[in-house]
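The values are calculated or read from the model by the stated rules, or taken from the named source; none is laboratory data. Bear in mind that the values here come from a model prediction, so they are computed numbers and not experimental data. Every residue, glycine among them, receives a Cβ derived from its backbone with ideal geometry; neighbour counts consider all protein chains shown. The area values use the complete protein model at the heavy-atom level, side chains included, leaving out ligands, DNA and RNA. Shrake-Rupley method; radii C 1.70, N 1.55, O 1.52, S 1.80 Å.
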Amino acid sequence: MLDTPDTASASISSTTAEVPTLSLAAQARDPEGFAAAFGRSFERFGFAIVADHGISDSLIARAWAETEKLFALRDAEKRGYFIEGGGGARGYTPFKTEIAKGASAVDLKEFWHVGRELPAGHRFAKDMSPNIWPDRPEGFKGVFLELFTAFDRAGDKLLSAIARHLNLAPDWFDPAVTDGNSVLRLLHYPPIPADAEGVRAGAHEDINLITLLLGAEEAGLELYDRGNDRWLAIKPPEGAMVVNVGDMLQRLTNNVLPSTTHRVVNPPPERRGHSRYSMPFFLHPAPDFLIDTLPQTITSDNPNHYPTPITAQDYLYERLVEIGLIKK
């Protein structure tokens, strides 16, 4: 973990990362060109911005409305959906529960997780908990089942581009992510006092293959530019999503595609009375997928950094312990 600030003294960066905005619609007419541009952005930043992603504006608007209604519920009602010892896999996780690896203060957020719906008796049922659906708001389940499917479709297209960039078959990831343990997280960063300890989300890397993020109105998301030792703000155009590499993909690609440290810093004092909402979709492989370094990423200049393969489920468990969602 990088020695990066995780305190409330961290201020919003005035420098914006020059992450390119790519149109996913371009993939259909020029898959090789899109894959090359997407891969270059991942190699440089570990991030890309994707417009024309195929998730409808109306669905996104309904999802934001349901998210705000959910987190407006009384604390006692929300805590009724918290599963002690469940690792935050499904349902509600209260404010100040998660902590970034290596951080000294817990994150200033609460969240809700929606996972994949599996049929009864599915072989992954022991590793992928059933969803928890709140009684209120009434439209919640339908909206987020629809949004989960839409994210899944967009993620498949982006994985196809990554496969092309790595000189793999375009459908290489399909078996890996079929019935994958992906998670849609609804995030609420509540208003905070001016002297709040910590930041909304401390410096961290994501665990999964890739993350697809529908952005927030309130600023604060930043990536760490390792080469220049500085934080850069990420400001996607309205309607675009931010996509970033997770640690599983970094491990699979032997660091060719880097999982970049990022954070959500606190707003300036005049905006601390406002909530911030976001919806990341953590795209995971199936629990039994073996994360084994791709041979073509191993060279004399880049020897195998991960010689011991590990299943996605075992890797996920290790990381959930590190961030405090599972207690050993």
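Count, please, the residues in the stretch 120-155 that happen to be touching a His at 6+ places or on another chain (Cβ under 7 Å) and charged (D, E, K, R). Show your work before the answer.
Step one: filter the stretch 120-155 for residues touching a His at 6+ places or on another chain (Cβ under 7 Å), giving 154.
This time we only want the ones that are charged (D, E, K, R), so: none.
Matching residues across the stretch 120-155 total 0.
Restricting the search to the stretch 279-328, which residues are among the hydrophobic types (A, V, I, L, M, F, W, C) and either without any contact (Cβ under 8 Å) to a residue 24 or more places away in the chain or more than 25 Å from residue 94 (Cα to Cα) (or both)?
Keep residues of the stretch 279-328 that are among the hydrophobic types (A, V, I, L, M, F, W, C), which gives 279, 281-283, 286, 289-291, 294, 298, 310, 312, 316, 320-321, 323, 325-326.
If the condition is that a residue be among the hydrophobic types (A, V, I, L, M, F, W, C) and either without any contact (Cβ under 8 Å) to a residue 24 or more places away in the chain or more than 25 Å from residue 94 (Cα to Cα) (or both), then 286, 289, 290, 291, 294, 298, 310, 312, 321 are the ones that fit.
Filtering the stretch 197-216 down to residues that are of a type in the set (Gly, Ala, Ser) and open to solvent by less than 10 Å² (accessible area, probe 1.4 Å), which residue is modelled with the highest pLDDT? Talk me through it step by step, then tell me what you get.
Step one: of the stretch 197-216, the residues of a type in the set (Gly, Ala, Ser) are 198, 201-203, 215-216.
With open to solvent by less than 10 Å² (accessible area, probe 1.4 Å) added as a condition, the list becomes 198, 201-203.
Values: 198: 64, 201: 72, 202: 78, 203: 84.
Looking at residues that are of a type in the set (Gly, Ala, Ser) and open to solvent by less than 10 Å² (accessible area, probe 1.4 Å), I get 203.
Can you find even one residue in the stretch 69-84 that is among the charged types (D, E, K, R), out of contact with any Lys or Arg (no Cβ under 7 Å at 6 or more places or on another chain), modelled with pLDDT under 90 and surrounded by fewer than 17 Cβ atoms within 10 Å (Cβ to Cβ)? Spell out how you get there, then give the answer.
We begin by selecting, within the stretch 69-84, every residue among the charged types (D, E, K, R); these are 69, 74-75, 77-79, 84.
Next cut, out of contact with any Lys or Arg (no Cβ under 7 Å at 6 or more places or on another chain) only: 69, 74-75, 77-79, 84.
From what is left, the residues that are modelled with pLDDT under 90 are 84.
Restricting the remaining residues to those that are surrounded by fewer than 17 Cβ atoms within 10 Å (Cβ to Cβ) gives 84.
Looking through the stretch 69-84, at least one residue is among the charged types (D, E, K, R), out of contact with any Lys or Arg (no Cβ under 7 Å at 6 or more places or on another chain), modelled with pLDDT under 90 and surrounded by fewer than 17 Cβ atoms within 10 Å (Cβ to Cβ).
Pairs, please: C-beta under 7 Å, at least 6 apart or cross-chain, first residue over 12 Å from residue 54 (Cα atoms) and in the stretch 14-27, second open to solvent by less than 30 Å² (accessible area, probe 1.4 Å) and of a type in the set (Ser, Thr, Tyr)?
From the stretch 14-27, the pairs are 19/41; 20/41.
Only one residue in 106, 19, 114 is in a loop (DSSP other than H, G, I, E, B), open to solvent by less than 60 Å² (accessible area, probe 1.4 Å) and either farther than 30 Å from residue 169 by Cα or modelled with pLDDT of 95 or more (or both). Which one?
Details: 19 fails: either farther than 30 Å from residue 169 by Cα or modelled with pLDDT of 95 or more (or both); 114 fails: in a loop (DSSP other than H, G, I, E, B).
The unique qualifying residue is 106.
State whether one or more residues within the stretch 48-59 are closer than 25 Å to residue 274 by Cα, in a helix (DSSP H, G or I) and open to solvent by less than 10 Å² (accessible area, probe 1.4 Å).
yes
In the set 135, 174, which member is open to solvent by 40 Å² or more (accessible area, probe 1.4 Å), within 25 Å of residue 242 (Cβ to Cβ) and modelled with pLDDT of 95 or more? Even if it seems obvious, please write down each step before you answer.
Numbers: 135 fails: within 25 Å of residue 242 (Cβ to Cβ).
Within the list 135, 174, the selection yields 174.
Just for the stretch 217-240: of the residues that are open to solvent by less than 50 Å² (accessible area, probe 1.4 Å) and assigned to a loop (DSSP other than H, G, I, E, B), which one is nearest to residue 17 (Cα to Cα)? Quick ask: steps written out before the conclusion?
Initially, the stretch 217-240 is screened for residues open to solvent by less than 50 Å² (accessible area, probe 1.4 Å), giving 218, 220-225, 231-234, 236, 239-240.
From what's left, assigned to a loop (DSSP other than H, G, I, E, B): 218, 220, 234, 236, 239-240.
Numbers: 218: 17, 220: 13, 234: 6, 236: 10, 239: 18, 240: 15 Å.
Of everything passing the filter in the stretch 217-240, 234 is nearest to residue 17 (Cα to Cα).
Tell me yes or no: at least one residue of the stretch 248-266 is over 22 Å from residue 93 (Cβ atoms), of a type in the set (A, V, I, L, M) and part of a helix (DSSP H, G or I).
Yes - at least one qualifying residue is present in the stretch 248-266.
One residue is enough: does the stretch 155-164 have a residue meeting the conditions without any contact (Cβ under 8 Å) to a residue 40 or more places away in the chain and open to solvent by 10 Å² or more (accessible area, probe 1.4 Å)?
Yes, the conditions are met somewhere in the stretch 155-164.
Would you check which residues across the stretch 159-211 are outside any loop (DSSP other than H, G, I, E, B), within 30 Å of residue 65 (Cβ to Cβ) and out of contact with any Phe, Trp or Tyr (no Cβ under 7 Å at 6 or more places or on another chain) and list them?
Initially, the stretch 159-211 is screened for residues outside any loop (DSSP other than H, G, I, E, B), giving 159-165, 174-177, 183-189, 201-204, 210-211.
Filter once more, so that each one left must be within 30 Å of residue 65 (Cβ to Cβ): 159, 177, 183-189, 201-202, 204, 210-211.
Correct list: 177, 189, 201, 202, 204, 210.
Checking the condition open to solvent by less than 20 Å² (accessible area, probe 1.4 Å) and either in contact with a Pro (Cβ under 6 Å, 6 or more places away or on another chain) or under 22 Å from residue 25 (Cα atoms) (or both), which residue from 243, 264 passes?
On the way: 264 fails: either in contact with a Pro (Cβ under 6 Å, 6 or more places away or on another chain) or under 22 Å from residue 25 (Cα atoms) (or both).
Only one candidate passes the filter, namely 243.
Which condition breaks for residue 309 when tested against (1) in contact with a strand residue (DSSP E or B) (Cβ under 6 Å, 6 or more places away or on another chain); (2) within 29 Å of residue 111 (Cβ to Cβ); (3) not basic (Lys, Arg)?
All conditions pass for residue 309, except number (2).
Answer with yes or no whether residue 120 is open to solvent by less than 20 Å² (accessible area, probe 1.4 Å) and either out of contact with any Pro (no Cβ under 9 Å at 6 or more places or on another chain) or not in a loop (DSSP other than H, G, I, E, B) (or both).
Working: open to solvent by less than 20 Å² (accessible area, probe 1.4 Å): no; either out of contact with any Pro (no Cβ under 9 Å at 6 or more places or on another chain) or not in a loop (DSSP other than H, G, I, E, B) (or both): yes.
Judged against the criteria, residue 120 is not a match.
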